[in-house]
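A.B. asks: Quick one: this structure, given as structure tokens, is what I'll be asking you about.
Since every read-out is calculated from the coordinates, none of them should be taken as a lab result. Computed from a predicted structure; not experimentally measured. FYI the Cβ positions are ideal-geometry reconstructions off the backbone, even for glycines, and counts take in every protein chain you see.
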């Protein structure tokens, strides 16, 4: 009896050392990997090697469809892979993905919870362990290990797989974050390139307008003033002709003033600096949309306050982008803008009753420039520490929204937009 206890202690210590070695091996194998497929492949191979197994799979939860997507597998037939599809909560695997609690079975076919029983029997699966892949208390997927031979997995095996599942879950989360960061960087690169193109196009447009309209008007003023000077030098010249010339100069001057004011307003509206966001947004929306036959309303809720200059400028550009999209693409007859001032946040909503579009089709900034406006709008709000989104269905119009935190403790500049 006295010799049995030390032996069990040694066995326990040896088992713990072995498990630590296993986890260390998997950690070493996963370190430096950022590709999700590579991470899951290495993780599954390492697990099967440790468990002396030949059958296994990793399924990840699709957050949109709530289905389990098989992303790595070993030892399963093509027929099984093609026919066995699971959703969250379905069968043993779906149940583990939903509950986050592992399942250990000596014979999976004898369990009432099994889904696609005929396929599992045809595959010849016997002993079975399913553990969740977790990261920050969130279940990202499951790891399955099975055997076609009679075998009894132990609770120690399950605890070891639990630890492996946690390591894989963290690795999956890191890979997804890395992929989002990579896409955000690529999107920023495309946005930067598109913005350079747009900036040059805008410079050309302003130069063209100044040349075609303002420059010609100024030339007309100069010629008319020259004629008046010559007219004034002629003795006994009829005053009516002189007055008519002055009126023409005055009309040309008014026209030039309007053109310059319009250009200045497009570049940076004076109302934004003097009276603030609400008057500037109302003026711009009415000027841009009413001439196209689109009825526009602007509503404020709460007590309107002034934000820092850079914040109001970013919000105005967001409104400008949304209104521009309505004018160019929506074919709407009505549009509404709501500016809601809350104690801890500012909420901006812009709606139209146009033909709408499929939001899922706009996933990135295309080389043609499609999507640049939407992503630029989101980035502006993100740099204010806020978030934004767009909701649209074909035939049901479009809603664009943005919210930013308010208060003296807010540090503007931290991008918190989703998917950035």
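A.B. asks: Does segment 16-182 come out rounded, prolate or oblate by the C-alpha gyration tensor, with a ≥ b ≥ c the root eigenvalues, rounded set by a/c under 1.5 and, if not, prolate when a/b is larger than b/c and oblate if not?
C.D. replies: Values: a/c = 1.66, a/b = 1.22, b/c = 1.36.
It comes out oblate by the Cα gyration axes.
A.B. asks: So for 128, 316, fewest C-beta neighbours within 10 Å to most, what's the order?
C.D. replies: Final ranking by Cβ density, sparse to dense: 316, 128.
A.B. asks: Mind giving me the FRET efficiency for residue 118 and residue 347? R0 is 56 Å, r the Cβ-Cβ distance, nearest 0.05 is fine.
C.D. replies: Working: r = 53 Å, r/R0 = 0.95.
For residue 118 and residue 347, the calculated efficiency is 0.55.
A.B. asks: Estimate the FRET efficiency between residue 166 and residue 208 by the formula 1/(1 + (r/R0)^6), using the beta-carbon distance for r and 45 Å for R0, to the nearest 0.05.
C.D. replies: Once rounded, the FRET efficiency stands at 0.15.
A.B. asks: Can I ask one more? How much length is gained if the chain between residue 247 and residue 111 is pulled fully straight, taking 0.36 nm per residue apart and subtracting their Cα-Cα distance, in nm to one decimal?
C.D. replies: Result: 39.3 nm gained on full extension.
A.B. asks: What is the order of 387, 77, fewest Cβ neighbours within 10 Å to most?
C.D. replies: Listing 387, 77 from fewest to most nearby Cβ atoms yields 77, 387.
A.B. asks: Same structure again: Taking the number of other C-beta atoms within 10 Å as the exposure measure, put 170, 50 in order starting with the fewest.
C.D. replies: Ordered by Cβ neighbours within 10 Å, fewest first: 170, 50.
A.B. asks: Additional query: Rounded to the nearest 0.05, what FRET efficiency is calculated for residue 54 and residue 359 with R0 set to 35 Å and r the Cβ-Cβ distance?
C.D. replies: Calculated transfer efficiency: 0.20.
A.B. asks: Once fully extended, how much extra length lies between residue 263 and residue 219, figured as 0.36 nm per residue of separation less the alpha-carbon to alpha-carbon distance?
C.D. replies: 14.0 nm
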